[in-house]
Amino acid sequence: MKPFLQKLLRSNEFYLLLVILVVAAVIEVRSGQFFTANNIVNLANAMVVPGLFAVGTYMVLVSGGIDVSFPALASLAVYAVTSALVDNSWAGGLWLPFLLVVALGAILGAFNGAFAARLAVPTLIITLGTANVFKGIMQGALGSVQIPTLPPSMAEFGRANLFVATNPTSGLTSSMPVSFLLLVAVVAVAFFVMRYTMFGRGVYAIGGDEVSAVRAGFKVRRIKFWLYVMAGVIAAIAGLVRTSMMGQMHPTNLLGMEIMVIAAVVLGGTAITGGTGSLTGVMLGTLLIVMVQNSMILIGVPTYWQRVALGVLIIVGTGISAVQLTRRRKRNRIVAA
Amino acid sequence: MTTTTTPDKQGIGTRFLSLARTDAHVTRLVVILLALLVMFAAIRPGNFANSYTWISMAVSFPEFGLMALGVMVCMVTGGIDLSVVGIANLSSIIAAMVMLALAPGGSGTAIGAAIAIALVVGALAGILNGILVAVVKIPAILATLGTLELFIGISIVLTAGSPISGLPPEYSALMAARLGGVLPMQFVVFLVAVALVALIMGRTTFGTKIYMLGTNATSAKFSGLNSVSLLIRTYLFSGILSAMAGLVMLANYNSAKADYGVVYTLLTVLIVVLGGVNPNGGSGRLIGVVLAIVILQILSSGLNLFPEISNFYRDLIWGGVLLLVIATSEITARNPFKRKQKEVS
Amino acid sequence: DPGDADTGAPADGGGGGYTIAIVPKDSTNPWFVRMETGVKKYAEEHSDLEVFQRGPAETDATQQAQVIRDLIAQQVDAIGVVPVDPGALEPVLKEAMDAGIVVVTHEGASQENTMYDIEAFNNTDYGAFIMDNLAEAMGEEGVYTTMVGHVTNASHNEWADGGVARAQEAYPNLTLLEENPRVESQDDGETAYQRAKELLTAYPDLKGIMGTSSFDAPGVARAIEELGLQGEVFTAGTGMPADNKEILEKGLVHALTLWDPADAGYAMAELARLILEGEEIGNGVDLGVPGYEDMQFAEGSDKVLEGAGWIVINADNVDDFGF
Amino acid sequence: MAEENVIAVRGLTKSFAGVKALDGIDLEIRAGEIHCLAGENGSGKSTLIKIISGVYQPDSGTIEMGGRVHHKLTPIEAIGNGVQVIYQDFSVFPNLTVMENLALTTELADKRRLVNWRRFRKIAEEAVSKINFKVDLDAVVGDLSVADKQLVAISRALMSDTKLIIMDEPTTALTNKEVEALFRVILDLQSRGIAIMFVSHKLGEVFEISERFTILRNGKQVITTVPDELNEKKFAEYMTGRDFEETAFTGDDSIGEPVLEASGLTLGNAFSDVSFTLHKGEILGITGLLGSGRTELALSLFGVFPAESGTIRVGGEQVRINSIADAIGHGIAYVPEDRLTEGLALERSIGDNIIISEIDRLSGPLNLADKRKQREAVDRWVSELKIATRNPNNPVNTLSGGNQQRVVLAKWLATEPDVLILNGPTVGVDIGSKAEIHRILTELAAAGMGIIVISDDIGELKQTCGRVLLLKEGRIDGEVDPRTQTEEELSDMITGGPLEVGTN
Ligand SMILES: Nc1ncnc2c1ncn2[C@@H]1O[C@H](COP(=O)(O)OP(=O)(O)OP(=O)(O)O)[C@@H](O)[C@H]1O
Ligand SMILES: Nc1ncnc2c1ncn2[C@@H]1O[C@H](COP(=O)(O)OP(=O)(O)OP(=O)(O)O)[C@@H](O)[C@H]1O
Ligand SMILES: [Mg+2]
Ligand SMILES: [Mg+2]
């Protein structure tokens, strides 16, 4: 029991949870609306896309890399597929768009993977490059424009919901989108892959010490390659979800999300230097960011102050875990810069 | 650097050949630049020969060039500064407010004071970044992301989001001036900054120290270097360069606003890595970054000569160039087990 | 003079004719994609001229200035700009005019360094008209608030202000939500949707949201539908017919307002040509597209030419536009 | 009798960008033999090992194992053939638990795709039990002591079908006690028919345990032979290629007044109530088991972990040392344990590494660097310490261990310290460089510098120190004059008598 408690007190997730509870309490006090069925559902709804992105980002960060190309990748994959299907007025089921998006995501991810596996260059540089290429292809070569009406199956998928939460007092109804299941599924799969496959442990091993991973007999290049393929697929799925739920294809809608997602993942305790991180933390970190972004009005933060608030959150949030780490280093007298 | 204003290939050639020998990466950038100039001259001789083409570029790139220099010095320590745009806008907004407060009609002292205060604001913002990175030890990429939001946020609060304009004409006149009839003031400011960076990174002990720090923070610590003060000074320097960028933008747009040039955030990072600075710290040369700045400027201005080619190809080309450069650099010298420096965040 | 200006015309420039460049705020926004169709139409009708649209990759004042600077370097004969931020463009547009280039603007009533500014209408009136739509939908009573793309977007804020002013004078029973009189959609349909949900959760008595950016109304409509407030909460704003067909027909949005950006693009090009050819520009000038046949100077101005207003799209006429 | 060879390499050649790291090596390792690979820094030992274990591919030559002739290997093939390597840096995963570190290689070799944590634990428990190594299997390896890290690496190597275990300088980081324990493990393995090949710079231990030697010099195989053919002197000659003289301690006892006086120094659980005096011109040895607090003591004298209580006097007056800057300010210099991560910026130039601690004094106004002064300082130290480099502007990682160590030394001598603390000054340094470093230390002392050498290399202590302090569980446990003791007596003092394997 006691070691467990110690472990808990050491864990980043624990402090994160505290912060979340505090923020929730604040929102509740200011608005009395936080712990209402439909607000919870709203948050869940808002979390789907960032959550999906966060899973891929977490896997890449654990391997010691960093990927800033996923929003561009997702936008390109989904735009190409949607416009193609719309041009051919596809009226069939969701399976085709889903399949195509996943395939395209895999191909673009493989593009990242090929570079990351072959070159010893920091992946920030690589993915900065590919991000520009992806964006350029979408907006330049494909000349992307807004697509007002989606193939019916995508639109339905976007509207479909698991259940509808009603707020007894205000009577407001919020629907839990089916895509939330996708998030759950992807998290479950990622959890299994990272914890129960040699591939997943390899990702951790590479993040811990790449040279040792090679010596131990991990196929480091292969692992890296497939890692980025998976990240690409997850990102593409996230893009499909966003587009379907919006009911329209806005090509630039996802661009610029990368840094905030990375912030959420690191907030969740995934080391930006690789090797450590947990999906629990990742989901908590994402939840915190999403919560704050979507509760400014509830808290009553004036529009003009919202960016200040967000900035402070990031600084304080990451600051807490940073201080934790430093403390631990001191305690164990680990010599570090 | 004078290449942008005097497109004389002979000069460029000889000037860079000597340089090329010193550094393979610089060589690659020089080759790319020359290729660009040749293409440009071949396809659009009219514009190539027209000095205004080069002058207008020299007016444009100092804005993000100055910010890129700031990002570079931070990256040499293994960090990064994503808040440069935020600092630039915040300091130019405050400068504008000061000008209007002191002397709406404009006066030498008012402008002087405004410039001074802008630089102070930049320095303070940089110090905040430095403290978050060095003392609180937040990974730089997150700390400066947070302060980016913070600085833009403060700017919005100060201005309610709307631009501050109607500045005293003297100020924009000051910047509109052309040194010796040709060199735009913005460009002169940039040259001064480049000289400053060259001096500090190459000729002072501070420069040697931050390269050491970026290479191996632990051994730097054991060598008695004070990483906290070094990092704070680095981000402070970046803050001042960003403030200079802010002052240039204040002149170029004769107004200050919370969200001018937000697209520069990633652009500057792109430039710096293209310039050959290793995000893990410890390596990277000024000349490379300057070449990268010029290359990207010529690319985007060149693209605007072709209405039929969408501006979005710019991203494609930038990304392509970056990937090309790293790919070739890998082929020339590769060490698959190269350990990545992880000490500094 | 033209002869001199021509030397700089691109090598492949059309037979010594004038080169006219139209510079929108950006290039993905369907709004300006539509504008380009008007510019292209004009180019086809005037094969002797070189007319094209050239926009920055992102809606960003610095990027737009950059494009204009490059156009000056190319010594085009005329530039028609839809300024992201009029203030920010003053210096570069002054440069252009000093270089002997004809400069006209659209949606830039406050621009100083321009020869003429074409307004499909005046921003305040436009905002007022959006408000009229909203008020009608709301039954002229209830609490409302305003949504802009960014608090830093000049024209969005002018429209919103115009709407608020209109409500004050014309609709005594409309009250502005003073806890939160203006929210941001960040020109993003998803954010508009999230903000609307939050607003309606936080302020149960909120009955109307006045949109400005073309992303606002559709996003808000999505929220209204999901929260089951159809018929109780209303929105209005700017939008393109095609993008909003569905929500109009569902009755989620009572009416949207717009002017056809294609016509504006066409009109800018035409005005530039008239100036280049030394025509007299005065009240009643005809720019050759519906709504712009009889331009009038705004009172007290010899620069701002106002056209015959805007189009209202609703469930009935949404299919009649063909864009 | 090639059958009984676990491995045989023929005509192996490998070069790196010009450098011929290996040149026509022929080598056979027989089942159950203990084979020592010796050679100076940069002679090719690690490279040979990396080729046998499939990390590098040879330019030419063959490797025979498992009855097949390979022209190149992958790590997995090597492991599949029962080759296990314990690297100098242990190659453990600092971010993973002991259990995972132990199980991963086995599971990879078994081509597992899925993870079964129960099986992981079983594998780990077996592995540690083989050398009865007591450790918390759920501890994160990064938090373990150096010795435990190595024991993890050793246990990991003891897989069911292991035929050959290669150890690259296994003893550099170990105390004598641990070395003895390690040797017991090696003998035990041998008795099970497992062949051992190990690399070491410590001649004593080499003779103690090896059955055959192969000596490399500049990538060439000088000789492969049995111990009786060699004595330490000839051994050294084969390695260095020059007639070699063991230097014994010459430092006379004419020591001057105190330069450093510590009294009652205490730091948490690291060390407590440590008092001693270091005089001018004296070389004071401090030894003790790993974890006896010797490194912490040094680090706290150097201001890294300031002592919580007690006083320090430098040159007679009491001083506070709360930061490295303070220490340097008071003329204290520290040559750290792990030069690669604590001592050097490997990618920076030799010159910059030498002057970095001194740089402020080599600068003009506005701390503009005075390139001329810097250059002079660099040249001076490169020549004084005989650092083998053509151009001091080359990065430090172009030097081998011994020379890298001299660079670290030069950095600190450049600050002209009154007190020089060296932690394991010759760890992993070959005898040639080692003798050179000892000579330098003796000269410095003669010149009046106060020197503290922290080491568990008894020979080193005997050769250099006039006095040796024994540190035990953070307390000073006596002081000896090494010249009056035999090496055995000394090591017994350190370890507190003969010991059992794995009771640490
Ligand atoms: N990866 C590499 N790239 C370039 N040169 C190398 C590489 N590895 C080894 N070398 C060179 O090969 C030679 C042999 O190096 P090796 O590491 O085998 O020496 P060593 O005997 O292990 O030395 P030490 O006793 O210091 O460990 C050295 O001169 C070194 O410069
Ligand atoms: N990856 C590498 N790239 C370049 N040189 C290398 C590499 N690995 C080893 N070397 C060189 O090989 C030589 C000795 O290799 P090694 O690393 O085994 O020696 P060391 O570890 O520095 O010294 P010691 O092992 O005696 O402590 C050194 O010159 C080192 O620079
Ligand atoms: Mg070696
Ligand atoms: Mg070695």
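The values are calculated or read from the model by the stated rules, or taken from the named source; none is laboratory data. Small disclaimer: the values here were computed from a predicted structure and weren't measured. A quick note on method: Cβ atoms are made from the backbone with ideal geometry, for glycine too, and the neighbour counts reach across all protein chains shown.
Within the stretch A:1-103, which helices (runs of 4 or more DSSP H) (wholly inside it) include 1 or more residues that are among the hydroxyl-bearing types (Ser, Thr, Tyr) and modelled with pLDDT of 90 or more?
Because the criterion is at least 1 residues that are among the hydroxyl-bearing types (Ser, Thr, Tyr) and modelled with pLDDT of 90 or more, the helices (runs of 4 or more DSSP H) in the stretch A:1-103 that meet it are A:37-62, A:70-87.
At least 3 residues that are touching a Phe, Trp or Tyr at 6+ places or on another chain (Cβ under 6 Å) in each: list the helices (runs of 4 or more DSSP H) lying fully within the stretch A:177-226 that qualify.
By residue number, A:198-208.
Of a type in the set (Gly, Ala, Ser), touching a residue at least 24 places away in the same chain (Cβ under 8 Å) and crowded, with 23+ Cβ neighbours inside 10 Å, is that true of C:Gly127?
Criteria met by C:Gly127.
Table: residues versus (1) among the β-branched types (Val, Ile, Thr); (2) free of Cβ contacts under 8 Å to residues at least 40 places away in the same chain; (3) surrounded by fewer than 24 Cβ atoms within 10 Å (Cβ to Cβ).
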{"residue": "B:Thr77", "(1), (2), (3)": "yes, no, no"}
{"residue": "B:Ile115", "(1), (2), (3)": "yes, no, yes"}
{"residue": "B:Gly130", "(1), (2), (3)": "no, no, no"}
{"residue": "B:Ile152", "(1), (2), (3)": "yes, no, no"}
- Task: Select from the stretch D:78-100 the residues that are more than 16 Å from ligand 1 (Cβ to nearest atom) and either facing chain A (nearest Cβ under 9 Å) or farther than 23 Å from D:Ala147 by Cβ (or both) and list them in ascending order.
- Result: D:Ala78, D:Ile79, D:Gly80, D:Asn81, D:Gly82, D:Val83, D:Val92, D:Phe93, D:Pro94, D:Asn95, D:Leu96, D:Glu100
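Can you tell which of D:Gly474, D:Gly448 is more than 16 Å from ligand 1 (Cβ to nearest atom) and either surrounded by 21 or more Cβ atoms within 10 Å (Cβ to Cβ) or among the aromatic types (Phe, Trp, Tyr) (or both)?
Just a single option satisfies the conditions, and that option is D:Gly474.
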- Item | Hits in the stretch A:183-219 - residues which are at pLDDT below 95 and closer than 23 Å to A:Ile107 by Cβ | A:Lys219
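Would you mind finding the one in A:Leu61, A:Leu18 that is away from chain C (no Cβ under 12 Å), surrounded by fewer than 17 Cβ atoms within 10 Å (Cβ to Cβ) and farther than 23 Å from A:Met245 by Cα?
Values: A:Leu61 fails: surrounded by fewer than 17 Cβ atoms within 10 Å (Cβ to Cβ).
The unique qualifying residue is A:Leu18.
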- Is one or more of the residues making up the stretch C:55-74 at the interface with another protein chain (Cβ under 9 Å from one of its Cβ atoms) and closer than 18 Å to C:Ala267 by Cα? yes
- Item | Of all residues making up the stretch B:147-184, the number that are within 18 Å of B:Ser242 (Cβ to Cβ) and of a type outside the set (Val, Ile, Thr) | 8
- For B:Val120, are the conditions met, namely being within 14 Å of chain A (Cβ to nearest Cβ) and surrounded by fewer than 19 Cβ atoms within 10 Å (Cβ to Cβ)? no
- Message: Any residue that is more than 10 Å from chain D (Cβ to nearest Cβ), farther than 30 Å from A:Ile147 by Cα and either out of contact with any helix residue (DSSP H, G or I) (no Cβ under 6 Å at 6 or more places or on another chain) or of a type in the set (Val, Ile, Thr) (or both) - is there at least one of those in the stretch A:254-266?
- Response: yes
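May I ask you to say which residue of D:Lys130, D:Lys134, D:Lys163, D:Lys122 is away from ligand 3 (no atom under 16 Å from the Cβ), touching a Gly at 6+ places or on another chain (Cβ under 6 Å) and more than 14 Å from chain A (Cβ to nearest Cβ)?
D:Lys163
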- Task: Taking A:Val214 as meeting all but one of (1) touching a residue at least 12 places away in the same chain (Cβ under 8 Å); (2) in contact with a Pro (Cβ under 9 Å, 6 or more places away or on another chain), write down the number of the exception.
- Result: (1)
- Message: Only one of D:Met159, D:Met167 is buried (at least 19 other Cβ atoms within 10 Å of the Cβ) and within 16 Å of ligand 4 (Cβ to nearest atom). Can you tell me which?
- Response: D:Met167
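For every residue, the table says whether it meets (1) modelled with pLDDT of 90 or more; (2) within 16 Å of ligand 4 (Cβ to nearest atom).
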| residue | (1), (2) |
| --- | --- |
| D:Lys373 | no, no |
| D:Val378 | yes, no |
| D:Arg390 | no, no |
| D:Ser400 | no, yes |
| D:Gly432 | no, yes |
- If you check every pair at least six apart or on different chains, which have Cβ atoms under 8 Å apart with a residue in the stretch D:31-42 that is more than 16 Å from ligand 1 (Cβ to nearest atom) and at pLDDT 85 or above first and a residue that is among the acidic types (Asp, Glu) and assigned to a loop (DSSP other than H, G, I, E, B) second? D:Glu33/D:Glu211; D:Ile34/D:Glu211
- Task: May I ask you to verify whether A:Ile125 is over 17 Å from the mean Cα position of the chain (by Cα), over 30 Å from A:Leu298 (Cα atoms) and hydrophobic (A, V, I, L, M, F, W, C)?
- Result: yes
- Message: I want to confirm something. Restricting to the stretch D:9-30 and keeping residues that are within 16 Å of ligand 4 (Cβ to nearest atom) and touching a Leu at 6+ places or on another chain (Cβ under 7 Å), which single residue is nearest to the other protein chains (Cβ to nearest Cβ)?
- Response: D:Lys14
- All helices (runs of 4 or more DSSP H) inside the stretch D:314-407 with 2 or more residues being closer than 28 Å to D:Arg294 by Cβ and more than 16 Å from ligand 1 (Cβ to nearest atom): D:324-329, D:350-355
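In the same structural domain as D:Ile355 (by TED's automatic domain parsing) and within 16 Å of ligand 1 (Cβ to nearest atom), is that true of D:Gly432?
Answer is no for this residue.
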- Message: For a quick check of your reading: which helices (runs of 4 or more DSSP H) sit entirely within the stretch B:147-230 and have at least 1 residues that are away from chain A (no Cβ under 14 Å) and among the aliphatic types (A, V, I, L, M)?
- Response: B:169-176, B:185-203
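For the stretch A:138-156, how many residues meet the condition of being more than 10 Å from every other protein chain (Cβ to nearest Cβ) and either surrounded by 16 or more Cβ atoms within 10 Å (Cβ to Cβ) or of a type in the set (S, T, N, Q) (or both)? Spell out how you get there, then give the answer.
Initial filter on the stretch A:138-156 (more than 10 Å from every other protein chain (Cβ to nearest Cβ)): A:150-154, A:156.
After this cut, where a residue has to be either surrounded by 16 or more Cβ atoms within 10 Å (Cβ to Cβ) or of a type in the set (S, T, N, Q) (or both) as well, the list is A:150-151, A:153-154.
Within the stretch A:138-156, residues that are more than 10 Å from every other protein chain (Cβ to nearest Cβ) and either surrounded by 16 or more Cβ atoms within 10 Å (Cβ to Cβ) or of a type in the set (S, T, N, Q) (or both) number 4.
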- The residue from D:Val146, D:Val135, D:Val206, D:Val199 that alone is out of contact with any Pro (no Cβ under 6 Å at 6 or more places or on another chain), within 30 Å of A:Arg195 (Cα to Cα) and within 16 Å of ligand 2 (Cβ to nearest atom) is D:Val146
- Message: Of the residues D:Thr341, D:Thr295, only one is polar (S, T, N, Q), within 30 Å of D:Asp89 (Cβ to Cβ) and free of Cβ contacts under 8 Å to residues at least 12 places away in the same chain; which?
- Response: D:Thr341
- Does A:Val121 meet the test of being in contact with an Asp or Glu (Cβ under 6 Å, 6 or more places away or on another chain) and not in a helix (DSSP H, G or I)? no
- Are there any pairs, at least 6 apart or on different chains, whose C-beta atoms fall under 6 Å, with the first in the stretch D:102-117 and within 7 Å of chain A (Cβ to nearest Cβ) and the second surrounded by 13 or more Cβ atoms within 10 Å (Cβ to Cβ) and among the polar types (S, T, N, Q), and if so, which? D:Leu114/A:Thr197
